[in-house]
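A short write-up of the structure that comes next.
The values are calculated or read from the model by the stated rules, or taken from the named source; none is laboratory data. Bear in mind that the values here come from a model prediction, so they are computed numbers and not experimental data. Positions of Cβ are backbone-derived with ideal geometry, glycine not excepted, and every protein chain shown enters the neighbour counts. Surface accessibility is based on the protein's heavy atoms, side chains included, excluding ligands, DNA and RNA. Shrake-Rupley method; radii C 1.70, N 1.55, O 1.52, S 1.80 Å.
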Amino acid sequence: MSKLVPFHETLDLTLCGSMGRVHRLCREVVTVAVEPLGLTQSRWIALVHINMLKEGVTQQALAHSLGIEMPSLTRTLKQLEELTLITRQVDKHDKRSKKIYFTEQGRNILKAVEAQITDIKNQLYNGLNDEQLDVMAHGLIKMEDNAKNYIKYHSSNKVNNDT
């Protein structure tokens with residue numbers, strides 16, 4: 001009697017590879033949709049993360065959230081300032097740190113981006129019910145936790161083995 005291979009093992013790419021491909025496609029879809037607003041991928045993603053982290057977020061915290069280096073973020077933030085979508089202000093408690101705030105125009109653009117994302121999500125989720133989406137969401141959260149735990153465990157073991 002042969003053992004049935006789980007569907008996720010029949011994908012051309014691994015499950016993780018497929019998730020990466022879908023993630024890139026989703027970002028590209030949003031980028032195409034918001035291009036008329038004058039936003040590149042790095043700009044709209046930065047705006048969404050500033051909103052998610054709340055205004056007054058530091059540049060360092062935003063860079064960490066985005067998983068990018070400060071020079072790349074600084075370039076994007078300078079562009080967003082030139083478009084008068086954000087302002088950066090020196091932190092009153094830590095003069096080395098800058099906090100990020102939306103301008104009124106930035107809030108309006110963010111609303112347009114969020115509307116586009118809502119429309120795109122509805123299109124991308126077409127044919128999937130809430131139960132299927134919830135199972136996917138829980139699975140992704142679990143995989144993310146497992147990955148973080150793996151990195152944490154192996155990073156600490158590497159340090160211990162190097163000493």
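Remark: pairs (first residue in segment 103-125, under 17 Å from Ile45 (Cα atoms) and small (Gly, Ala, Ser); second residue at pLDDT below 95 and part of a helix (DSSP H, G or I); Cβ separation under 9 Å; 6+ apart in sequence or on different chains) = Ala112/Leu37.
Looking at Gly67, Gly38, just one residue is at pLDDT below 95, closer than 23 Å to Ala112 by Cα and open to solvent by less than 80 Å² (accessible area, probe 1.4 Å), and that residue is Gly38. Evaluation of Trp44 against the conditions (1) loosely packed, with under 11 Cβ neighbours inside 10 Å; (2) in contact (Cβ under 8 Å) with a residue 40 or more places away in the chain shows that the sole unmet condition is (1).
Within segment 74-88, if we keep just the residues that are farther than 13 Å from Gln60 by Cα and of a type in the set (S, T, N, Q), the residue that is surrounded by the fewest Cβ atoms within 10 Å (Cβ to Cβ) turns out to be Thr84.
Residue-by-condition table, conditions (1) at pLDDT below 95; (2) open to solvent by 90 Å² or more (accessible area, probe 1.4 Å); (3) small (Gly, Ala, Ser):
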| position | (1), (2), (3) |
| --- | --- |
| Lys92 | yes, yes, no |
| Lys98 | yes, no, no |
| Asn108 | no, no, no |
| Glu114 | no, no, no |
| Thr118 | no, no, no |
